[in-house]
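As structure tokens, the structure follows; a few thoughts come after it.
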Amino acid sequence: MMNFTGKNSVVGLMLLVCVTSCRTADEFKKETVDYVKLEKSYLEVATVADGLHVPWGIDYFDGKLIFTEITGKVKQLDLETGNVSILLVLDEVFQKRTTGLLDIAVQQTTDANPFVVLNYTAEEDSMIVSNLVRYTYTGDTLLDPKKLLVAKGYTGHNGARVIIDKGDIIYWATGDVADNTQAQDSTTCNGKILRLQLDGSIPADNPIPDSYVYAWGFRNIQGLTLGGQGNLFTSEHGDAIEDEINRIQPLHNYGWPQIEGMHDTPEELAIVENHRRTEPIKSWTPVIAPAGLAYYNHSGIPEWQNTLLLVTLKSQTLRVLLLNEDHTAITGEKTYFSDRYGRIRDVLVAPNGDVYLATSNQDWNPQPGFPLDTDDRILRIRKTPDIPDAEAYVEADVYEDTNALDGAAIYKNYCASCHKDDGMGVANSFPPLKGSRSINNTAAFIDILLNGTDGQQRINGVTYDQPMASFSFLEDEELSAIINYVNTAFGSGRLILTKEVTNQRQRE
């Protein structure tokens, strides 16, 4: 039974040895960082580990959190003592931007020496691959690697969530590796939910005989969880619009890249008239960059029973999504912690109802004000009998409708996560807007917004290979508002008329 009340400090971790905390229980209690007020309860948010480097995936076994760090280490946090130790270092991990050692899943149907499944990218013969590898956990190390499956990898869009269900079946969510031919091809491993046995074989009851493919039509899945009724749910990155929550069913096609999000455009409706495609049960525009996903149905936090807990990177939030009784719809949403802890990569519900969050502020795309000196952290949320002072707690965020013609607001919703509030972009990934010739050339700027880019741009001697999505779904008035805001904040200051966007769109 877990009785952990504090955190471990890993400052000065230099060797592959167990790191022991000397703090007392009383000192641990001082690590509370926030209180949260719900309808009838108060929650305590505490730091239980810090000084980590992009913890990407977390699972639980026998009173310990077992987690990955993106650069190649598998670690565990003892929830009773606060000790953090290294279980494994993978030297062959290829890590650049979003690639690296990604998710982890631990077998829960045994009391000792469970199998642990890892997903990581590596280079083989100058090609990037995504490996699914099984290890045996002994309590202080991972042994006997067995490669179960290899999929095509890329510098992005690897997806890479993994779970093991109560029948010891593995579900592996893969991305489309930024290749629009993959997700709709049911003979490939990318843009899919794959289903396999712990020995790497294909289950006899898979929906397609002799195939790992369980469902397909996905862009870049970032969260994967099983609900209490055995339903499988995913969170997925859209392109410029329609981040998604999907309820996964075997043999269903979720549409990408032919359809994005809800079936609500003439082109999408024409497709679904003749071909079965499955809509998400929730989507967001502007996008929120969803990450880890977990199902909560524990009495420990009664207000969160029968919900999906979703953490996000762009909006830097924990979102509590209320499910209906048969898990076919999301009927409510509450959002917490906007910009409070930075990017949040993963979420885990422990058997005793505690919730753990892993921040991702040491990664390639930190947001303003991050990383903190203590980043990255694992945070624990649990119900507390303490009632904080009236001004000492966090409540659910309240959002106001944004004026559609507010260029600054539209920029923040659609552009700032890549190009940043100051217009300086991200080195070697997203180009700066300040000093850009494109934004001072109205026709070129409109063209980029309408058509996006393929990512192969060389600006001021630097090559940027991250593609930019088309924003043609925005109204002409909204596009001109963005252009005028960017020109005022970062460029020549020239203002344009909406008809300039309209005329260029019509010419195309």
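The values are calculated or read from the model by the stated rules, or taken from the named source; none is laboratory data. This structure is a prediction, so every number in the text was calculated from the model and none was measured. With ideal geometry, Cβ positions are generated from the backbone for all residues, glycine too; neighbour counts draw on all protein chains shown.
Tally up the residues in segment 249-275 that are in contact with a Phe, Trp or Tyr (Cβ under 7 Å, 6 or more places away or on another chain) and not in a loop (DSSP other than H, G, I, E, B), please. Write out each step before concluding.
Filtering segment 249-275 down to residues in contact with a Phe, Trp or Tyr (Cβ under 7 Å, 6 or more places away or on another chain) leaves 250, 253-254, 256.
In the following step, the residues that additionally are not in a loop (DSSP other than H, G, I, E, B) were identified as 253.
Within segment 249-275, residues that are in contact with a Phe, Trp or Tyr (Cβ under 7 Å, 6 or more places away or on another chain) and not in a loop (DSSP other than H, G, I, E, B) number 1.
The residues on offer are Gly153, Gly72, Gly82, and the sole one that is crowded, with 22+ Cβ neighbours inside 10 Å and under 20 Å from the mean Cα position of the chain (by Cα) is Gly153.
Taking Ile410 as the residue in question, decide whether it is modelled with pLDDT of 85 or more, of a type in the set (A, V, I, L, M, F, W, C) and touching a helix residue (DSSP H, G or I) at 6+ places or on another chain (Cβ under 6 Å).
Numbers: modelled with pLDDT of 85 or more: yes; of a type in the set (A, V, I, L, M, F, W, C): yes; touching a helix residue (DSSP H, G or I) at 6+ places or on another chain (Cβ under 6 Å): yes.
For Ile410, the condition - modelled with pLDDT of 85 or more, of a type in the set (A, V, I, L, M, F, W, C) and touching a helix residue (DSSP H, G or I) at 6+ places or on another chain (Cβ under 6 Å) - is met.
How many residues does segment 307-331 hold that are exposed (fewer than 15 other Cβ atoms within 10 Å of the Cβ) and either of a type in the set (Asp, Glu) or touching a residue at least 12 places away in the same chain (Cβ under 8 Å) (or both)? Result for segment 307-331: 4.
Checked against (1) modelled with pLDDT of 85 or more; (2) surrounded by 15 or more Cβ atoms within 10 Å (Cβ to Cβ); (3) of a type in the set (S, T, N, Q), Asn451 passes all but a single condition, namely (2).
Just one of (1) touching an Asp or Glu at 6+ places or on another chain (Cβ under 6 Å); (2) among the small types (Gly, Ala, Ser); (3) surrounded by fewer than 24 Cβ atoms within 10 Å (Cβ to Cβ) fails for Gly217. It is (1). Of Arg345, Arg382, all but one fail to be part of a strand (DSSP E or B), at pLDDT 95 or above, of a type in the set (D, E, K, R) and buried (at least 22 other Cβ atoms within 10 Å of the Cβ); the exception is Arg345.
Inspect all residues belonging to segment 137-145 and state whether any of them is within 21 Å of Asp199 (Cα to Cα), assigned to a strand (DSSP E or B) and among the polar types (S, T, N, Q). No, segment 137-145 has no match at all. Filtering Phe471, Phe445 for residues that are buried (at least 19 other Cβ atoms within 10 Å of the Cβ), among the aromatic types (Phe, Trp, Tyr) and either at pLDDT below 85 or in a loop (DSSP other than H, G, I, E, B) (or both) leaves a single hit, Phe471.
Quick check on segment 421-440. Is at least one of its residues part of a strand (DSSP E or B), among the hydrophobic types (A, V, I, L, M, F, W, C), surrounded by fewer than 17 Cβ atoms within 10 Å (Cβ to Cβ) and touching a Pro at 6+ places or on another chain (Cβ under 9 Å)?
Within segment 421-440, the first condition is being part of a strand (DSSP E or B), and the residues that meet it are 426, 430.
Then keep just the ones that are among the hydrophobic types (A, V, I, L, M, F, W, C); that gives 426, 430.
From the residues that got through so far, the ones that are surrounded by fewer than 17 Cβ atoms within 10 Å (Cβ to Cβ) too are none.
No, segment 421-440 contains no residue that is part of a strand (DSSP E or B), among the hydrophobic types (A, V, I, L, M, F, W, C), surrounded by fewer than 17 Cβ atoms within 10 Å (Cβ to Cβ) and touching a Pro at 6+ places or on another chain (Cβ under 9 Å).
Out of segment 91-116, which residues are in contact with a Phe, Trp or Tyr (Cβ under 6 Å, 6 or more places away or on another chain), of a type in the set (Val, Ile, Thr) and farther than 10 Å from Tyr137 by Cβ? Outline the logic, then answer.
Here is the first cut: in segment 91-116, the ones in contact with a Phe, Trp or Tyr (Cβ under 6 Å, 6 or more places away or on another chain) are 93, 97, 101-102, 106-107, 114, 116.
Okay, now just the ones that are also of a type in the set (Val, Ile, Thr), so 93, 106, 116.
Listed by number, the list holds a single entry, Val93.
When segment 85-135 is examined, which residues are found to be outside any loop (DSSP other than H, G, I, E, B), at pLDDT 95 or above, acidic (Asp, Glu) and surrounded by fewer than 23 Cβ atoms within 10 Å (Cβ to Cβ)? Even if it seems obvious, please write down each step before you answer.
So the first thing to find is which residues in segment 85-135 are outside any loop (DSSP other than H, G, I, E, B), and the list is 85-89, 93, 101-106, 115-124, 127-135.
Remaining after also requiring at pLDDT 95 or above: 85-89, 93, 101-106, 115-123, 127-135.
Next, only the ones that are acidic (Asp, Glu) stay: 103, 123.
Glu123, the sole residue that qualifies.
The set of residues from segment 374-395 being within 14 Å of Arg340 (Cα to Cα), out of contact with any Asp or Glu (no Cβ under 8 Å at 6 or more places or on another chain) and not aliphatic (A, V, I, L, M) comprises just one member, Glu395. Entry remark, segment 443-470: residues being touching a residue at least 60 places away in the same chain (Cβ under 8 Å) and within 17 Å of Gly423 (Cβ to Cβ) number 1 in total. Would you be able to say whether some residue in segment 170-180 is in contact (Cβ under 8 Å) with a residue 40 or more places away in the chain, closer than 24 Å to Leu226 by Cβ, among the acidic types (Asp, Glu) and not in a strand (DSSP E or B)? Yes, the conditions are met somewhere in segment 170-180.
Scanning segment 156-169 for residues that are part of a loop (DSSP other than H, G, I, E, B), under 20 Å from the mean Cα position of the chain (by Cα) and small (Gly, Ala, Ser) yields a single hit, Gly156. The set of residues from segment 259-283 being surrounded by 19 or more Cβ atoms within 10 Å (Cβ to Cβ) and among the basic types (Lys, Arg) comprises just one member, Lys282.
Report those strands (runs of 3 or more DSSP E) wholly inside segment 28-70 carrying at least 1 residues which are closer than 21 Å to Val320 by Cβ and among the aromatic types (Phe, Trp, Tyr). Can you show your working first?
Values: elements: 32-37, 42-50, 55-61, 64-69.
The strands (runs of 3 or more DSSP E) meeting that bar are 32-37, 42-50, 55-61.
With respect to the conditions (1) touching a Cys at 6+ places or on another chain (Cβ under 8 Å); (2) of a type in the set (A, V, I, L, M, F, W, C); (3) part of a loop (DSSP other than H, G, I, E, B), Ala151 falls short on a single one, namely (3).
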